[in-house]
Amino acid sequence: MIKKCLLLVASCSLFLGSFVQAQFIDEESEVVSIEKAKKLSDKSWVVLEGFITKRLNEDQYAFNDSTGTIKIVVRNSSWQGIEISSKTKVRITGQVDKLFIILPKRMIKVTKVELSRK
């Protein structure tokens with residue numbers, strides 16, 4: 001009985017946690033600069049346009065635009081089957097992740113990579 005209750009609580013927590021994290025990002029969402037993204041609060045949703053310039057490890061990359069560079073994390077499912085080079089301009093959608101409470105470092109957890117429309 002206790003195991004069933006714990007399983008139910010855990011399941012509800014996972015469902016509610018993902019619901020609270022959701023945010024609507026439409027096709028016309030405003031593109032922000034890396035400079036602005038670095039100032040946003042933790043868990044803010046962003047759309048950035050620029051270039052993935054370097055692979056840092058298995059799923060982490062350097063992403064840059066005219067205002068700077070930021071680390072991004074891209075899971076396999078976020079690529080949507082596209083292949084790019086460091087010269088391909090892309091649009092990424094993701095969530096700002098504040099790395100440490102004390103330091104102002106940020107990175108972006110990418111949920112979608114697509115070719116830039118510009």
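The values are calculated or read from the model by the stated rules, or taken from the named source; none is laboratory data. Bear in mind that the values here come from a model prediction, so they are computed numbers and not experimental data. Neighbour counts run over all protein chains shown; Cβ positions are idealised from the backbone, glycine included.
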**Request:** Name the strands (runs of 3 or more DSSP E) wholly inside segment 54-118 in which the number of residues that are in contact with a Leu (Cβ under 9 Å, 6 or more places away or on another chain) and among the basic types (Lys, Arg) is 1 or more.
**Result:** 68-74, 89-98, 106-115
**Message:** On the basis of being exposed (fewer than 14 other Cβ atoms within 10 Å of the Cβ), touching a Ser or Thr at 6+ places or on another chain (Cβ under 7 Å) and not aliphatic (A, V, I, L, M), does THR93 make the cut?
**Reply:** no
**Complete:** Being among the hydroxyl-bearing types (Ser, Thr, Tyr), at pLDDT below 90 and touching a strand residue (DSSP E or B) at 6+ places or on another chain (Cβ under 8 Å) narrows SER29, SER13 down to just SER29
**Message:** surrounded by fewer than 16 Cβ atoms within 10 Å (Cβ to Cβ), in contact with a Phe, Trp or Tyr (Cβ under 9 Å, 6 or more places away or on another chain) and of a type in the set (A, V, I, L, M): is that true of ILE108 in this structure?
**Reply:** no
**Message:** Being among the charged types (D, E, K, R) and in contact with a Gly (Cβ under 9 Å, 6 or more places away or on another chain) is the filter here; which residues of segment 66-118 pass it?
**Reply:** LYS89, ARG91, LYS109, LYS112
**Message:** Tell me yes or no: at least one residue of segment 28-48 is part of a strand (DSSP E or B) and among the β-branched types (Val, Ile, Thr).
**Reply:** yes
